[in-house]
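Quick note: the coordinates plus some simple rules give every number you see, no bench work behind them. Just so we're clear, the structure is a prediction, and the values are computed from it rather than from any experiment. No Cβ is skipped: glycine too gets one built from the backbone with ideal geometry, and neighbour counts run over all protein chains shown.
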C-alpha cells in the first residue's frame, strides 16, 4: 500500500511539474516577424512592442495633421470602433514625409488627433515612412509587395498571420467598399 501511495504521489508531482511545460507548448504561435518591432507611443513616448497585436487584423496607416486627407481620421476611428471587438486594430504612424504636413511634436499631434477627431486607436511617434530611411515596419510592408506610401493616409491591411493582404492609396477612404470587404474577409479568417 505504501508503495502504491508513493507511486501515485510521484505521478501527481510529475503531472504538476509537467503541467506548465505542456501549457506553454499550447500557447499561441510566436509573434510574426513583421510585428517584431518596438515603437514609442505617440501620447507618452512609452515603448510599445507590436507583438501585442499578434493574431489581430491590422490596418497600418501613415498620417498627417495638415493634409487634404486628414478627415480620414474620423473614418479610421469609426472603423476601429466598429470592428475592434472582432479583432481589427488601426495603427497610425504620423509622418512629415509628404508636403511637410505633420510639422508638430508628439504632444501636439496627439492632442490634435484626440481633440479634433476623437482618435483612440493606437498612434506612434512621428517617423519616416518612405524611402530607404523609412521605419522598419514600413520598409517591410513595402518589400512585402505593398510599395512605399505615395502620400499621407496610405494604408496596409495585414492579416492575423502577420502577412500583408493588400495596400490602398490615400484616395481609398476607410469606408470604401473594397477596403471594408477586405477587412471583413480578413476578420473572418481564424
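The order of the peptides 68-81, 148-161 by mean Cβ neighbours within 10 Å, most packed first, is 148-161, 68-81. Taking label positions 7 Å along the Cα-Cβ direction at both residue 82 and residue 52, the computed distance is 2.6 nm, reported to one decimal. Looking at the stretch 33-188, the DSSP beta bridges with both ends there are about 60 percent antiparallel. Checking the a/c ratio against 1.5 first, then a/b against b/c, what shape does the Cα gyration tensor give for the stretch 33-188? In terms of gyration-tensor shape, rounded.
Rounded to the nearest 0.05, the FRET efficiency derived from the C-beta distance between residue 120 and residue 143 at R0 = 22 Å is 0.15.
Distance between the 7 Å Cα→Cβ label points at residue 188 and residue 100: 4.8 nm.
Computed from the C-beta positions of residue 111 and residue 38, the FRET efficiency with R₀ = 25 Å rounds to 0.60.
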